[in-house]
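The values are calculated or read from the model by the stated rules, or taken from the named source; none is laboratory data. Because the structure is a prediction, the values reported are computed rather than measured. Counting neighbours? That spans all protein chains shown, and the Cβs are built from the backbone with ideal geometry, glycine included. Accessible surface areas use protein heavy atoms only, side chains included; no ligands, DNA or RNA. Shrake-Rupley method; radii C 1.70, N 1.55, O 1.52, S 1.80 Å.
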Amino acid sequence: MRHFLFQPGLKHVRIILAPMEGVVDNLMRELLSAINPYDLMVTEFVRVVDQLLPEKVFYRLCPELLQGGMTLSGTPVRVQLLGQEPDWMAENALRAIELGSQGVDANFGCPAKMVNRSKGGAVLLQYPEQIHKIVKAMRQAVPEPHAVTAKIRLGFEDKSLFMENAQAIYEAGATELAVHARSKKDGYRPPAYWEYITEIRKKMAIPVIANGEIWNREDALRCMEVTGCDSIMVGRGAISLPNLADHIKNNAKQYSWQQTLALLMSYSQKELSGRKSCYYPARIKQWFSYLNRQYPQADALFRELRVHKQTDDIVTTLSQAYREIDDKI
């Protein structure tokens, strides 16, 4: 076992931002990479069905492709694909690489019912042979040394096939494997079953990335201690605590509520000047649902925000809250 608990610095640890559908878009990646030392960020999934998708689809979900597959802060970004047909997954994987993606990832973890009904995401965890075919086809299509990776949960209804799925991905030639330590049935309910990741890591000759219930530095340390992994993936925790990666890797002080409000103001300004401005009220309220875990002040402000449906009212409320804090300092 690797004794991370006794290491004062974690600069050697890889921290990856998880692909959170409807949450971590390019604007969120830009904001979080500017204040955190992330080693990699993974996009929301590109849905692959029965065709080679046009370039505009990739550019829409990953505009970082237009700047070498990097955020403005220089953090590599990897396109994630979701689908069940090996040949089409392979062709679209190659297209992502040709457009500049920093490797390509396969999604076998999405728990959304709509996605699962169309035989994508976590539903494939019931079929290790199909997972193997998909990853193998992608690996054969994507030239070395470009990474072909995958993200899984521990299972669909139960965890009985967790090792078979991991082995299927490994034997198909994947570069590395990220494991969310819950089944689809578990959803996002705690706990995360890190001990399953330990078993996978011991049998894999490729890097295994641990994911699930990492909300702060102490969680990261315990996760690495249990799993032996030196790569972790953070999702909801990264939205709850905006400087989570910096907090984990450099032991930086957690963002104050004032700093977080300032980030929200910056987010608002950029979102309202972009193509998704019509979604702003829903997106900012969604972010507050995560902030409530870290900041008690977020709950009180959210009660004010949630009654507003108009963008101007929300921005005014946020601005007033920030000014009130600023005046007290």
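Here are some notes:
- Close amide H pairs (under 5 Å, H built 1.01 Å from N) link ALA106 with LEU81, THR149, ALA150, LYS151, residues at least 5 positions away or on another chain.
- Mean shadow area of the chain, taken as a quarter of the surface of its Cα convex hull (nm²): 16.5
- Basic side chains Lys and Arg get +1 at the Cβ, acidic Asp and Glu get -1 at the Cβ, and with that the dipole of the range 115-236 about its Cα centre reaches some 420 debye.
- The chain - accessible surface per residue (Å², probe 1.4 Å): 44
- Gyration tensor verdict on the range 222-327 (Cα atoms; rounded if a/c is under 1.5, prolate if a/b is larger than b/c, oblate otherwise): prolate
- Reachable aspartates and glutamates, given that their alpha-carbon falls under 17 Å from the alpha-carbon of LYS56 and they are not under 8 places away in the same chain: ASP25, GLU44, GLU64, GLU91, GLU98
- Positive-end ranking of ALA205, VAL148, SER266 along the dipole of the chain, with charges on Cβ about the Cα centre, is headed by SER266.
- Three-way shape call for the range 140-252 based on the alpha-carbon gyration tensor, with the a/c threshold at 1.5: oblate
- Taking the 1.4 Å solvent-accessible surface of the chain as the whole, the part contributed by carbon and sulfur is 51%.
- All lysines inside 20 Å of LYS133 as judged from Cα atoms, apart from same-chain residues fewer than 8 positions distant: LYS119, LYS151
- Tensor-based shape of the range 1-136 (alpha-carbon gyration tensor, a/c under 1.5 rounded, otherwise prolate or oblate): oblate
- This model, with +1 at the C-beta of Lys and Arg and -1 at the C-beta of Asp and Glu, gives the chain a dipole about its Cα centre of some 400 debye.
- Karplus 3J(HN,Hα) series, Hz, for the range 210-221 with 6.51 cos²θ - 1.76 cosθ + 1.60 (x for Gly, Pro): 8, 9, x, 6, 10, 10, 7, 5, 5, 4, 4, 4
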